[in-house]
Structures are given as C-alpha cells and as structure tokens.
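Single-structure report; data block below.
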Amino acid sequence: MITTDQKELIKATVPVLREHGVALTTHFYSRMFTHNPELKNVFNMGNQGNGKQQLSLAMAVLAYAENIEDPSVLVSAVMKIGHKHMSLDIRPEHYTIVGKHLLASISEVLGEGATPELIEAWAVAYQQLADLMIGLEQNLYLESVAKKGGWTGWRPFLVKQKVKESEEITSFYLYPADGGKVADFMPGQYLSVRLFLPELNLLQPRQYSLSSAPNEAYYRISVKKEAGKTEHPNGLISNRLHETVLEGDVIEIAPPAGDFILDTMKDTPVVFISGGVGQTPLLSMLEYLASTESNREIVWVHGARNRQVHAFREPLTTLEGQHGKLKKHIFYDTLDELMQVEGGYYEGIVELGKLKDVALLKDADYYICGPAPFIKKQFYDLAAMGVNKEAIHYEEFGPANLVLS
Ligand SMILES: Cc1cc2nc3c(=O)[nH]c(=O)nc-3n(C[C@H](O)[C@H](O)[C@H](O)COP(=O)(O)OP(=O)(O)OC[C@H]3O[C@@H](n4cnc5c(N)ncnc54)[C@H](O)[C@@H]3O)c2cc1C
Ligand code: HEM
C-alpha cells in the first residue's frame, strides 16, 4: 500500500514531470530498447520516430501522478490503454521490465533530485498502477478466449482477397489459416496485424479497424497506403501490405479489441462523421445496422479530397438506396458538374454547420473518426451547436493523444 508521505512525494513530482515528461519517457524508451531490444518487435517503431508514443506515455504517467489520491477517475483512460495492450499481447512480465527501466530513468533524469525515498514512492506507485492494468488486461484476455472462435496472442490468417476501394485504400479479407472460426467483435473495434520487416529485421504490429459487420467467417480491414513526404519515409506496414503482401499469403493477427463501439442496444438516431480512411470503424457500425435491418435513423457524413480517393463510394450509394433511413452527405475539395446535379455533395472540408437541419437529430449519438484536427473540429462544432458532449464518441488512429471535453 502506498503511504500518505509517498503520495505527497509523488504529487510533488508533478511539476517536474510537466516540465520533463517527454524527456523522461524518451530517455526511458532509449534505455529499455538498449537493454531489452526484443521489445522493438512489440512497440511501433514508426510512432517512436515521430514522437507520438513518447507523448502518450508521458501524459499517462502525468495523469496518474496528478490523480494518485483517487486513480478511479482514470478508469476510462486506463480501459482504452488496456484494450491497446491486449491487442499487442502485453503480458504481466512485461510490466516488470517497463517498471525497472522507468524507475532507473527517473533516477537518471532527475539526478540528485531523485532521493531514495522518491524512487521508493514511485516504485510503489508504479506497482499499484501496473497491478490495476494487469488485472484489467487479464479480464480482456479471458473474455477473448471465452468467445466462440476466440483466442489470445498472435494467430495466422490467410489473406484470401485484396480489393482496391480507392486510389489509396485497399481492403483485405482475412480468414483463419487454421480453418477455425473468427471471434465475434463489436462494430467499431480494431485488431492488430503483425508483419516481419526485413529492412528493420523486426516484427512490427499496427492496428486496423474492422471495416465490415461482424460475421463468423472472416475479418475485413481497409488500409490506406501512407505515402511519405520529403522529410519522412513511406509508412512501413501500410506500404508493405499494399505492395508485398499478396492474396494467398499468411499474416499474424491479434484478436479484436477497442472501446470505441456502437451501442447496439439503442434505437435512437446515429450520425457517422468521418474524414478519409477514418470511415472504417464507422462503416462496420453502418454495415451492422444495415445487416440487422435496424430502424434507427442514420446520417453518414464523409470528407475526402476527391472522387479518386473516396473509398466505398458505390457500396454506400447502394446501401442508401436499400436502407430507407440512411442519408449520406459527402464533402470534396472541389465538385464537378455531375455532383452538383446529383445532390448530397458539398464543396470544401466537412462543415457540420452546413448540415444543421439534416445532421443534428434529437437524441442522436455522434461517432467521429479521422485525423486529430478533424476530430477536434467536429467535436467542438457539435458542442457549439448544442450537442451534449456525452453523446459524442471519437477514435484517433494513433496513440490516443486527444482528450476533448
Ligand atoms: C485504433 C486504430 C485503428 C486504425 N485503423 C486504421 C484503418 O482502418 N485503416 C488504416 O489505414 N489505418 C488505420 N490505423 C492506422 C494504422 O495503425 C497505421 O498507423 C497506419 O497504417 C500507418 O502505419 P505504417 O506502418 O504504414 O506507417 P509508420 O511507418 O508507422 O509511419 C506512420 C506515419 O508517420 C510517418 N513517419 C515515419 N517516420 C517518421 C519520422 N521520423 N518523422 C515524422 N513522420 C514519420 C510516415 O510517413 C507515416 O505517415 C489505425 C490506428 C489505430 C490506433
Ligand atoms: C503502467 C505502465 C504503462 C502505462 C502507463 C502505459 C501507457 C500506455 C499508453 C498511454 C499507451 C497509448 C494508448 C493508445 O494508443 O491509446 C500505451 C500503448 C502501448 N503500450 Fe503501454 N503502458 C504501460 C505498460 C506497458 C508495458 C509493460 C508494455 C510492454 C512492454 C507496453 C507496451 C505498449 C505498446 C506496444 C503500446 C502501443 C504503442 C504504439 O502503438 O506505438 N506498455 N501504453
């Protein structure tokens, strides 16, 4: 048990963490990867490169230090991390390694400021957090194996079919290579894919949202090919999936996880708002509602640069024709004449203000997915138009750095 004095010591380090949080975690990662290089196969070395993972762990440590008196306020954040850890097969023994390097890093970064009492307080606090997370993750693993077709860890899947959905996005139809069933999932969840990268001599995991309605036979993911810019390289896994992984190949998959899910018990309206490849988890929710012949009113708002990069355009038009209660509104950078005649198309970035009469529905839930600035804009626009923040749900495609309130 952590003592009152130790809690005071932890709270006293909050300002230091605020100042040096990112430096501390950067030091921590470099130390851990030097001593335990096998963990490079577990972490996303792309996110290490662009600094996002460092920020996200620093924020978690800071949030914990700030809430040491009552860590229960962090439950939903910890749940989100737990789902991510479960999808990466993080196990209790990994916490021992992380704890060792985190404490040594605090000591090395703070220098003389890191008294034995302070380090002991952090050791107790870290173990308290680790025990909480290990327990929560254990439940997620147990839930996963209890499902029909459920499993934990990495399982081989056959890439049976690749379907090009746009110039940049390709879908992968994945079937268990062992001939078994796939585990059920909630619309909105993701899974992790792991590939070996010869150029790094490492295995690398990435998360992809399931993009179709749940079914017992296969999983579908839809992946955008991440092009590099002059200052940084092409995305490692997405390019390999597009270029090197072929139909008939086998890749490794960890089971569905994630807390960004459609509440399937409700019968109130749903508004889906996506930018680019951010449509994938929302498409799974939409296909679920269509396949269960739901009576819920559905609004689909989507932004793409143009028709060429707009994935799932035709299936959406077909669904709108079949499902009496689905209405779609599409934003492109510029419109051609045909779109102006067709209707339902708008010029520019997604502006919910233009859709006030059709997209703000009584008692609706709003699901947003896209790049971080997109999520931020839509969240605050909805809030400014009077939508209750509790009804707005969002998912970021990277280490979760956005906390909107
Ligand atoms: C919950 C969740 C769901 C997701 N769902 C989907 C989905 O359905 N479809 C989908 O396409 N993606 C999805 N993603 C994103 C996906 O996991 C990958 O992040 C994405 O495919 C890029 O991976 P990569 O290996 O190709 O790129 P990485 O190699 O990981 O690089 C990531 C980006 O950083 C850039 N970069 C690389 N190095 C540097 C550097 N040194 N400095 C600055 N920038 C750099 C790259 O150009 C690239 O744009 C999801 C992510 C999460 C967390
Ligand atoms: C108390 C200890 C820990 C804390 C506070 C913590 C915190 C976090 C946070 C905040 C994220 C980002 C979550 C998200 O993307 O939504 C994350 C992701 C991750 N964590 Fe942990 N974590 C801890 C322990 C561990 C351990 C023991 C391991 C395994 C060695 C681990 C491996 C990972 C990996 C691989 C990711 C995904 C990284 C990425 O995609 O770049 N974590 N963790």
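Here are a few things to note about the model shown:
- Share of carbon and sulfur in the accessible heavy-atom surface of the chain [1.4 Å probe, %]: 54
- When peptides 185-191, 236-242, 67-73 are sorted by average Cβ neighbour count within 10 Å, with the highest value leading, the order is 185-191, 236-242, 67-73.
- Across all Cα pairs in the chain, the calculated P(r) in 10 Å bins from zero up to the longest distance comes to 4, 21, 29, 25, 15, 5, 1, 0 percent per bin.
- Expressed as a fraction of 2.2 N^0.38 Å, the value expected for a compact globular protein of N residues, the C-alpha radius of gyration of the stretch 333-397 is 1.24.
- This model, with +1 at the C-beta of Lys and Arg and -1 at the C-beta of Asp and Glu, gives the stretch 270-396 a dipole about its Cα centre of some 160 debye.
- Listed residues Ser209, Ser144, Ser87, most fluctuating in the chain (Gaussian network, C-alpha, under 10 Å): Ser144
- Among Gly82, Gly353, Gly303, the largest mean-square fluctuation in a Gaussian network model of the chain, built with springs joining Cα atoms closer than 10 Å, belongs to Gly353.
- Overall Cα dimensions of the stretch 199-330 - principal axes, largest extent first, Å: 50, 34, 27
- In summary, the stretch 270-396 shows an alpha-carbon radius of gyration equal to 0.98 times the 2.2 N^0.38 Å reference for compact globular proteins.
- Accessible area per residue, Å², the stretch 270-396 with all protein chains present, probe 1.4 Å: 45
- Efficiency of FRET between Asn41 and Ile97 - r from beta-carbon atoms, R0 22 angstrom, step 0.05: 0.95
- Average accessible surface area per residue within the stretch 4-146, 1.4 Å rolling probe, Å²: 49
- Rolling a 1.4 Å probe across the protein heavy atoms gives the stretch 155-257 an accessible surface of 43 Å² per residue.
- Extension gain, Glu19 to His323: 0.36 nm times the residue separation minus the Cα-Cα distance gives 104.1 nm.
- Around the amide H of Gly275, modelled in the peptide plane, lie the amide H atoms of Gly303, Cys369, Gly370, all under 5 Å away and 5 or more residues distant in sequence or on another chain.
- Eigenvalues of the alpha-carbon gyration tensor of the stretch 155-257, scaled by 5 and square-rooted, set the equivalent ellipsoid semi-axes at 23, 15, 13 angstrom, largest first.
- Computed over Cα pairs, the Kirkwood radius of the stretch 106-200 leads via Stokes-Einstein (1.306 mPa s, 10 °C) to a diffusion coefficient of 89 µm² per second.
- Evaluated on the stretch 4-146, the Kirkwood hydrodynamic radius is 15.7 Å, with distances taken between all distinct Cα atoms.
- The chain: relative contact order in percent, alpha carbon pairs under 8 Å with at least 6 residues between: 14
The values are calculated or read from the model by the stated rules, or taken from the named source; none is laboratory data. The structure presented is a predicted model; accordingly, all values stated were derived computationally and were not measured. Cβ: placed from backbone, ideal geometry, glycine included. Neighbour counts: every protein chain shown. What goes into the accessible areas is simple: the full protein's heavy atoms, side chains included, and nothing from ligands, DNA or RNA. Shrake-Rupley method; radii C 1.70, N 1.55, O 1.52, S 1.80 Å.
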